[in-house]
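Asker: Just passing along the structure, written as structure tokens.
The values are calculated or read from the model by the stated rules, or taken from the named source; none is laboratory data. Because the structure is a prediction, the values reported are computed rather than measured. Here Cβ is always computed from backbone atoms with ideal geometry, including for glycine, and neighbour counts include all displayed protein chains. When the accessible area is computed, the model is the full protein with side chains, heavy atoms only, and any ligands, DNA or RNA have been set aside. Shrake-Rupley method; radii C 1.70, N 1.55, O 1.52, S 1.80 Å.
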Amino acid sequence: MFVPKLFTCLKDYSKDQFIKDFIAGIIVAIIALPLAIALAIASGVSPEKGIYTAIVGGFVISLLGGSRVQIGGPTGAFVVIVFGIVEKFGIDGLIVSTIMAGFFLIIMGLLKFGGMLKYIPYPITTGFTSGIAIIIFSTQIKDFFGLHMETVPSDFIPKWIAYIKHFNTLNMQSVIIGLLSLLIIVFWPKINKKIPGTLIAIVLATVLTLVFNLNVETIGSRFGEISSSLPGISLPHTSFAMIKELMLPALTIAILGGIESLLSAVVADGMIGASHRSNMELVAQGIANICSGLVGGIPVTGAIARTAANVKNGGRTPVAGLVHSLALLIILLIFMPYVKLVPMSSLAAILIVVSYNMGEWESFTQIFKAPKSDAAVLLVTFSLTLFFDLVIAIGIGLLLASLLFMRRMADVTDVRFILDDSEDEDQLDTLDNIKTPENVSLYEINGPFFFGAADKFIRAVKEIGVHPKVLIIKMSNVPAIDATGYHALSMLQNICKKNHTELILLDLQDQPLHALAKYGFIDMLCAQNICNNVEEAISRSKFLIAKSEALIKLRNFTL
């Protein structure tokens, strides 16, 4: 249903709920501020672009989204791919890819793909999420330790080689600020859970840097003056060649954004006992990304940690998300000039914690307990994310998972010879102990009859020695058939014709029956050769055998 949750929630909205939403929105804005700045810098753009993303993208997601409590903003999942786009195509390339991702998300929502994204295998999402987490961690080493490096290699291994070579340039004052920030973020929740530790860490680190005049790099020393003005709409300079090259990265952003937003919505549903509208959420995410791109922001999606904080602080409607965006706007206009004083090592500490929380580290401890196929998909996706590219990792991960799924389905589908010349009558699925005629063979297919299992069927058919007069294929345990399965049956029908064997299909389920009817196979086979039970199949077999014998006698008599 394409109706934003905000419209539904406002029907019975109360003053008490507004107060709760307002407080939750302010608290979430305070949590979102340092994260938006840190994630923007890690993505290779200036700090204010992270704030623009949280304000504009977050506002649209709350206004039009399909979740009651979803909070939108920049997240760690996009850091790697956004950094790569900025490095290769610049800010214009980032704007184009963000807008393109928005259109992809809208299309996905309108086509009702909301329920399909949940079928992406867990080992793939775990693999690339954990890979992204380690990459984010590795990008923060320079700032955390204050290393003097003009350029940092983008590839994972060369990056660490460069760190080791330059480790003698370590700035101990940066290390102290970074460690202090890290300890505050980790242990502050034990003291106070309302005020976020990230904010306390940034404020204290900034004050100490100013009071003691510490020689550490700050946001201002790297980026200069930080804009506190409202974002303006900017149309990027683009070309067809750029759009063509950005098609795959934009699609990756859309898939990542869709997965993360719907995962966040599911987590939120469990916390408040509600249900989200997945397709409306995808459409809202798409519009939010288009708007974020137009104001120079980075990709936006539902943020699980901020959404959970919203729920824990009393937020129950999209109004809390709207308040969060407006609060960030006020912070942008009033306090943004002071952001330039924040030490880079303090922001690095925030992102180190973000990377740790992103990773699915328990999955790695349990990897040897999982099926080997799942472990292989996880490790391949994780390794490709680290050493090659996120787009390649997701593509090959999905391909590998699909191939392994086909093999599993083929393994659970089998073709079994049940009865030949009236032997083993008890194997027949019948209430009456019906004795089958001579020259009747019965095969049974168990499991989905698709391209992964068709080869088994074809091999079984080719192994038939003396061809019977009637061949019955029992399909009561076949829930689905695809084009390759149909092709295998069509091949069997041709073999039967050449050997003067009649083919009967027994107990077809709805999907195979409709599929074969569409292909015209039912008409080709003869509708009377589609039987609903064993008795009907045996009776049809006797008739066909009698008819065949009568024709033979008639032919001999004529000769």
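Asker: Suppose R0 equals 30 Å; then what is the FRET efficiency for L379 and M116 from their Cβ-Cβ distance, rounded to the nearest 0.05?
Answerer: 0.75
Asker: Let me ask something else. Ordering I331, I287 by how much accessible area each has at a 1.4 Å probe, largest first, what is the list?
Answerer: Ranked from most to least accessible, the order is I287, I331.
Asker: Residue separation times 0.36 nm, minus the C-alpha to C-alpha distance between N533 and Q173: what's the value?
Answerer: Net length gain for the segment: 121.4 nm.
Asker: Just to verify a number: what accessible area does Y519 come out at with the full protein assembly present, 1.4 Å probe, Å² rounded to tens?
Answerer: 110
Asker: Moving on. Can you give me the distance in nm between label points at K15 and I334, each placed 7 Å from the Cα along the Cα-to-Cβ direction?
Answerer: Once both label points are built, they end up 2.5 nm from each other.
Asker: Solvent-accessible area of K142, probe 1.4 Å, all protein chains present, reported in Å² to the nearest ten, please.
Answerer: Counting only protein heavy atoms, K142 exposes about 30 Å² to solvent.
Asker: A further question on this structure: What is the chain's relative contact order, in percent, from Cα pairs under 8 angstrom and six or more apart in sequence?
Answerer: It comes to 22 percent, rounded to a whole number.
Asker: With labels modelled as points extended 7 Å from the Cα through the Cβ direction, what inter-label distance (nm, one decimal) is found for S221 paired with D92?
Answerer: In this crude spin-label approximation the distance works out to 3.4 nm.
Asker: Rounded to the nearest Å, what's the spacing between the alpha carbon centres of segment 333-349 and segment 153-183? Just the number, please.
Answerer: When both Cα centres are located, 19 Å separates them.
Asker: Apply the Karplus parameterisation 6.51 cos²θ - 1.76 cosθ + 1.60, with θ equal to phi minus 60°, to every residue of segment 146-153 and state each ³J(HN,Hα) to the nearest whole Hz, in sequence, with x for glycine and proline.
Answerer: So the Karplus estimates, Gly and Pro as x, are x, 5, 8, 9, 5, 10, 10, x Hz.
Asker: What is the packing order of peptides 177-186, 159-168, 376-385, 30-39, taking the mean over residues of other C-beta atoms within 10 Å and listing the highest first?
Answerer: The peptides rank, most packed first, as 30-39, 376-385, 177-186, 159-168.
Asker: Return the equivalent ellipsoid semi-axes of the chain as a descending list in whole Å, where each equals the square root of 5 times an eigenvalue of the C-alpha gyration tensor.
Answerer: So the equivalent ellipsoid measures 63, 25, 21 Å along its semi-axes.
Asker: Further, regarding this structure: Give the percent of DSSP beta bridges with both residues in the chain that are antiparallel, rounded to the nearest 5.
Answerer: 40
Asker: Using the Karplus curve 6.51 cos²θ - 1.76 cosθ + 1.60 with θ = phi - 60°, what ³J(HN,Hα) values do you get for each residue of segment 92-108, in whole Hz, with x for Gly and Pro?
Answerer: The phi angles translate into 4, x, 5, 4, 4, 5, 5, 5, 4, 4, x, 5, 4, 5, 4, 4, 4 Hz.
Asker: Give me the percent of accessible area attributable to carbon and sulfur for the chain, probe 1.4 angstrom.
Answerer: Here carbon and sulfur together make up 64 percent of the probe-accessible area.
Asker: Going highest first, how would you order 233-239, 86-92, 391-397, 317-323 by mean Cβ packing within 10 Å?
Answerer: Final packing ranking: 317-323, 391-397, 86-92, 233-239.
Asker: Suppose only helical runs count, i.e. DSSP H with n ≥ 4. What mean residue ellipticity at 222 nm does that imply for the chain under -39500 (n - 2.57) per run, divided by all residues and rounded to the nearest 500 deg cm²/dmol?
Answerer: -20500 deg cm²/dmol
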